[in-house]
1. Quick check, is L32 surrounded by 20 or more Cβ atoms within 10 Å (Cβ to Cβ) and assigned to a helix (DSSP H, G or I)?
2. Mind listing just one residue for me: the one in the range 130-165 that is without any contact (Cβ under 8 Å) to a residue 12 or more places away in the chain and β-branched (V, I, T) and, of those, least open to solvent (accessible area, probe 1.4 Å)?
3. Which of (1) within 14 Å of the ligand (Cβ to nearest atom); (2) closer than 22 Å to R125 by Cβ; (3) not polar (S, T, N, Q) does I8 not meet, given it meets every other one?
4. Just one of the numbered conditions (1) within 16 Å of the ligand (Cβ to nearest atom); (2) more than 17 Å from the chain's Cα centre (by Cα) is not true of I156; which one?
5. Out of all the residues in the range 122-129, is one or more touching a residue at least 24 places away in the same chain (Cβ under 8 Å), open to solvent by 60 Å² or more (accessible area, probe 1.4 Å) and of a type in the set (K, R)?
6. Here are the criteria: (1) touching a helix residue (DSSP H, G or I) at 6+ places or on another chain (Cβ under 6 Å); (2) under 21 Å from R125 (Cα atoms); (3) more than 16 Å from the ligand (Cβ to nearest atom). Tell me which single one L78 does not satisfy.
7. When only residues in the range 93-120 that are part of a loop (DSSP other than H, G, I, E, B) and among the acidic types (D, E) count, which is surrounded by the fewest Cβ atoms within 10 Å (Cβ to Cβ)?
8. Of all residues in the range 64-92, count the ones that are over 13 Å from S30 (Cα atoms) and either among the polar types (S, T, N, Q) or open to solvent by less than 30 Å² (accessible area, probe 1.4 Å) (or both).
Amino acid sequence: MNTPSHSILNLAILGRAQQPMMTWPILMGSWLPDAALFGFYGWAKLANIPEATIWRETYYEPIWQDIFAVGNSIPLALIGLGVFAWQQRLRIAVMFASMLLHHLEDLPLHHDDAHRHFWPLSDYRFVSPISYWDSNHWAIYGAFAELVLTLLATAILLRRVQSSWGKGLLIIINVIYVFGYYSFYLRSNL
Ligand SMILES: [Zn+2]
């Protein structure tokens, strides 16, 4: 899934109107699993690697795959959640819960780029038949599922969010998603 979708879904699922202090931990948890990816992309751009090579070759190099595995590990997120819930450090526990949710959201929607979600216990990758972006692997459905979930979660959040900045941002992200879906997946298939 795309990172903004994780943020919107996780806020809708884990957030509560009466607990605004959990908003940042939820957002952090929705970003952290993808943090290494942004670092990777920034590094690859600085190293002047061509765009196609970045995603077709460099991304799959073992060193980068190992770094991505850490951030996408379900066991590590579970340990973090357990340890910090036990210590009653609830904001950090919620951050780990949000990371866990991010992994579960990615699990059914990654094909070639499937993560090693069970690292370090296992290097198994669940290669889903449906991708959230790859048209060769049913992205027309995968991206649609992501779009619908994001729209539903946004409907929940719009009722909960007070600030007009927050509402505006939600609406902008969704408008970009709808146009993105139309231009990337729908138009080419119509
Ligand atoms: Zn992810």
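The values are calculated or read from the model by the stated rules, or taken from the named source; none is laboratory data. Just so you know, these numbers come straight off a predicted model, no measurement behind them. Cβ sites come from the backbone with ideal geometry, for glycine too, and all protein chains shown count toward neighbours. All accessible areas refer to the heavy atoms of the entire protein, side chains included, with ligands and DNA or RNA removed. Shrake-Rupley method; radii C 1.70, N 1.55, O 1.52, S 1.80 Å.
1. no
2. So, considering only residues that are without any contact (Cβ under 8 Å) to a residue 12 or more places away in the chain and β-branched (V, I, T), the one least open to solvent (accessible area, probe 1.4 Å) is V161.
3. (2)
4. Unmet for I156, out of (1) within 16 Å of the ligand (Cβ to nearest atom); (2) more than 17 Å from the chain's Cα centre (by Cα): (1).
5. no
6. It is condition (1) that L78 fails.
7. Step by step, filter the range 93-120, then rank; the result is D112.
8. 9
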